[in-house]
Amino acid sequence: MNYASKQHYGAVGRAWIKWLTVADNQKTLINAYSQIKTKWLDRLPSDASPQVQRVASRFAILETALQLASFLTGWNETANSEALLHCFNEWINIFGLHSQEEKQIIEQVNGWLLANAEGRFIEYPNNPEQRAITNIAGYKIIPQRDDEIESFYLYPLAFEEAIKGHPKEQACKILSDKGMLSKGENGYRYLVRIPSRIDPKRTRCYLLFPIVENNEA
């Protein structure tokens, strides 16, 4: 048995590759994948993140291969589908329907703002009791009315620090969609000028709004 297993190890894989090289089979593969991918994506809710959609597409590739190779493996097509769906549901249970990348960026930037709010931002309106700021990241706008919220003007280098480890375009879009980052002006997608009453130089910055959790029971 050991001899036979060594002699025929990988036989199914080689047969599968040979099947894939046949032109008519490639057309069958493309059509099957298109149908199976549609089935997988149709299972998702409309608000599923792009990351979850990509994962579903990968499972569609697996199912396509398993179903088309059933003549080699002898595996039941229904069992293949159910096994893959079970694995996918387990993945969803762990990671959720919304992007982990999105969650990481939001938590990182929000945490960065909260951690640096007191030590690296010049307060506006001016606070005469504020201690000297070193390594300035920008301005913190203090709400003056109940309907206002705290906001931060971040210099570009400080913004790069806040999103460190993530592509800027991706981070900006996620933060903007979440309502944490203001849209830009005058041809800039996300940069705005600081009002002259705050900074006479009107430096271009990123305007961010931290997420403050409600601590009420």
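The numbers here are math on the coordinates, done by the rules we state, and not lab data. On a predicted model such as this, the values are computed, not experimentally measured, just so you know. No Cβ is skipped: glycine too gets one built from the backbone with ideal geometry, and neighbour counts run over all protein chains shown.
Tabulated values for the structure
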{"item": "Sequence-separation-based contact order of the chain, relative, with Cα cut under 8 Å and 6+ spacing, percent", "result": "13"}
{"item": "The stretch 123-193: relative contact order as a whole-number percent, Cα under 8 Å and 6+ apart", "result": "17"}
{"item": "Neighbour count of at most 11 Cβ within 10 Å plus DSSP loop: longest GluC sites (Glu not before Pro)-free window in the chain", "result": "1-128"}
{"item": "Loop sites in the stretch 138-217: trypsin sites (Lys or Arg not before Pro), DSSP, at most 14 other Cβ within 10 Å", "result": "ARG145, LYS164, LYS183, ARG189, ARG197, LYS201, ARG202"}
{"item": "DSSP H segments from the chain that extend 18 Å or more along their own axis, Cα-based, with Kyte-Doolittle mean of 0.0 or above", "result": "50-68, 77-95"}
{"item": "Furthest towards positive pole of dipole, PHE121, CYS172, LEU157, structure part the stretch 100-208, Cβ charges", "result": "LEU157"}
{"item": "Residues ASP177, ASP199 arranged by fewest to most Cβ contacts within 10 Å", "result": "ASP177, ASP199"}
{"item": "Antiparallel DSSP beta bridges within the stretch 100-208, percent to nearest 5", "result": "75"}
{"item": "Inter-probe distance in nm under a simple model that places probes 7 Å from Cα toward Cβ, at GLU118 and LEU157", "result": "2.5"}
{"item": "Computed [θ] at 222 nm, helices only, for the chain once each DSSP H run of length n ≥ 4 contributes -39500 (n - 2.57)", "result": "-16500 deg cm²/dmol"}
{"item": "Sorted by Cβ density within 10 Å, fewest first, the residues PHE71, PHE88, PHE95", "result": "PHE71, PHE95, PHE88"}
{"item": "The chain pair-distance distribution - Cα-Cα, 10 Å bins, rounded %", "result": "7, 23, 21, 15, 13, 11, 7, 3, 0"}
{"item": "Radius, Kirkwood style, for the stretch 2-95 when every pair of distinct Cα atoms is counted (Å)", "result": "14.9"}
{"item": "Dipole moment magnitude, nearest 20 debye, the chain about Cα centre, only Lys, Arg, Asp, Glu C-beta charged", "result": "1040"}
{"item": "HIS86, HIS166, HIS98 arranged by Cβ crowding within 10 Å, fewest neighbours leading", "result": "HIS86, HIS98, HIS166"}
{"item": "Cα centre as origin, Lys/Arg/Asp/Glu Cβ charges: the stretch 2-95 dipole, Debye", "result": "380"}
